[in-house]
Amino acid sequence: MTPSIVVLGHKDHGKSTFLGKLLFDTNSVPHDKVEMTKEIDAEAGRPFEWAHLLDSFKEEREQEMTYDTASVFVNGKNGALYIFIDVPGHSELVHQMISGASRADMAILMVSAKEGIDEMSIGHLMLAEFLGMKKLIVGVNKMDAFDYNEAEFLKIKEKMETILAGKFNPEDVYYIPLSAREGENVAKVSDKMPWFKGMSIFEKVEDTIANMKAVSLPMRAIVQDVYPRNGESLAAINVKSGELKKGESVIALPSGKTFTVSNLLSVSGDDTESIKEGENAGIALEAGSEISRGTIIAPEKNAPRSVKEAGSEIFLFGNFNPAEKITIECGFSKAEHQGSIPAETNKIIGLRLNLSNPLLLDTEETFLNKFVIKQGGEIIGVGRIKNI
């Protein structure tokens, strides 16, 4: 599974500039795209910006904003590939971390040495920790504005250490001074800051991910669709965690039907013995299996539970009405919470879920452990299951 890294922080602190420069310095963007972007900027009568490499539409370049989440592939050493995700706000971060579109292995928080630490940066950090990210790089950007003075870097570092106390393990947080615009400490170590003895941000990302220990989680797969094939049915599945093996006894939920995985096909259509987290496959279905889009496949002896009540912790953003009902979405299923919610935002609070209908939930950190909280169709928060 391709490792993914989410880039957090305020839009003015250099996230997109960092990613644009990283793409260029790692030869991860075609040179003709760089030239095309420079031409567009010249036509608009303004200087070229590395951030513009991430923009998909001309209108975004004109308004100097990144409206949507941008995911880019970055080339690493020895053919390695990484996904970097530029996240504008809370809702986009929740979508990336929970929807299954991507699971970040670590985070980079971009903080401007000029503007300092802001509320959005702190909110992003709390949310990242809440969603389970363990490794964090704090990139202190725009060091060129202070002639790469170490004292300016240490000011931010000391403040961040106070903010992060009790939230992240100090050994899992790395502070790196940089200038995204100038490419200093982005992909390679800068010679402008001899007082800094660490790695560049990208070098630290590669080193951290290479030394991460694999997390063993129970097998959970979700059915994406069901197709007819040679007189039988074939379920297209995506493995969210663990490993699905040929010959394994599994249960389909919520129907509760059990069956043996007698045929397991890779995306190329070949027989395979197993598929792992992040991979797609096809499984042949028996008649009457009651499997459809959204069905969860799990080991027969270690399945998620279908419940209407559970203990949870939630994190609300502030754009909600405490007097209105909230909807809990987990996987492809949803239910209404039959009760009130505390009117507290940007902090972790306990909530006993009382659901209108059963949901499949896990106490282990699978994709069925975390849920999205919506009101009026908008994401207003996120939660995680603590006990069932």
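Here are a few things to note about the model shown:
- Taken over the range 158-216, residues that are among the hydroxyl-bearing types (S, T, Y), part of a loop (DSSP other than H, G, I, E, B) and farther than 21 Å from V74 by Cβ amount to 1.
- Top-ranked residue of the range 211-226 - restricted to ones that are among the small types (G, A, S) and open to solvent by 80 Å² or more (accessible area, probe 1.4 Å), ranked as farthest from R293 (Cα to Cα): A214
- Subset of the range 330-351 [of a type in the set (D, E, K, R) and more than 29 Å from G166 (Cα to Cα)]: K334, E336
- Residues (β-branched (V, I, T) and more than 17 Å from G231 (Cα to Cα)) located in the range 258-295: T258, T260, V261, V267, T272, I275, T295
- Pairing residues of the range 360-376 that are farther than 18 Å from L253 by Cβ with residues that are assigned to a strand (DSSP E or B) and open to solvent by 10 Å² or more (accessible area, probe 1.4 Å), at Cβ distances under 6 Å and at least 6 apart in sequence or on separate chains, gives V372/E329; V372/I379; K374/T327.
- Qualifying residue in the range 370-387 (condition: out of contact with any strand residue (DSSP E or B) (no Cβ under 7 Å at 6 or more places or on another chain) and either closer than 16 Å to F130 by Cα or hydrophobic (A, V, I, L, M, F, W, C) (or both)): no
- Meets criteria (closer than 19 Å to N149 by Cα, without any contact (Cβ under 8 Å) to a residue 60 or more places away in the chain and in contact with a helix residue (DSSP H, G or I) (Cβ under 9 Å, 6 or more places away or on another chain)) for S179: yes
- So I283, is it aliphatic (A, V, I, L, M), closer than 26 Å to C330 by Cβ and not in a strand (DSSP E or B): no
- Scanning the range 245-270 for residues that are within 31 Å of the chain's Cα centre (by Cα) and open to solvent by 70 Å² or more (accessible area, probe 1.4 Å) gives K245, K246, P254, V267, S268, D270.
- Residues of the range 278-326 satisfying the condition of being within 20 Å of N387 (Cα to Cα) and open to solvent by 40 Å² or more (accessible area, probe 1.4 Å): K301, N302, R305, S306, K308, E309, E313
- Of all residues in the range 132-146 being open to solvent by 10 Å² or more (accessible area, probe 1.4 Å), touching a helix residue (DSSP H, G or I) at 6+ places or on another chain (Cβ under 7 Å) and not in a helix (DSSP H, G or I), the one that is modelled with the highest pLDDT: K135
- The sole residue among L81, L22 that is at pLDDT 80 or above and open to solvent by 20 Å² or more (accessible area, probe 1.4 Å) is L81.
The values are calculated or read from the model by the stated rules, or taken from the named source; none is laboratory data. Everything numeric here is computed off the predicted structure, so don't read it as measured data. For neighbour counting, all protein chains shown are included, and Cβ atoms are generated from backbone atoms with ideal geometry for every residue, glycine included. Accessible surface is based on the protein model in full, side chains and every heavy atom, while ligands, DNA and RNA are left aside. Shrake-Rupley method; radii C 1.70, N 1.55, O 1.52, S 1.80 Å.
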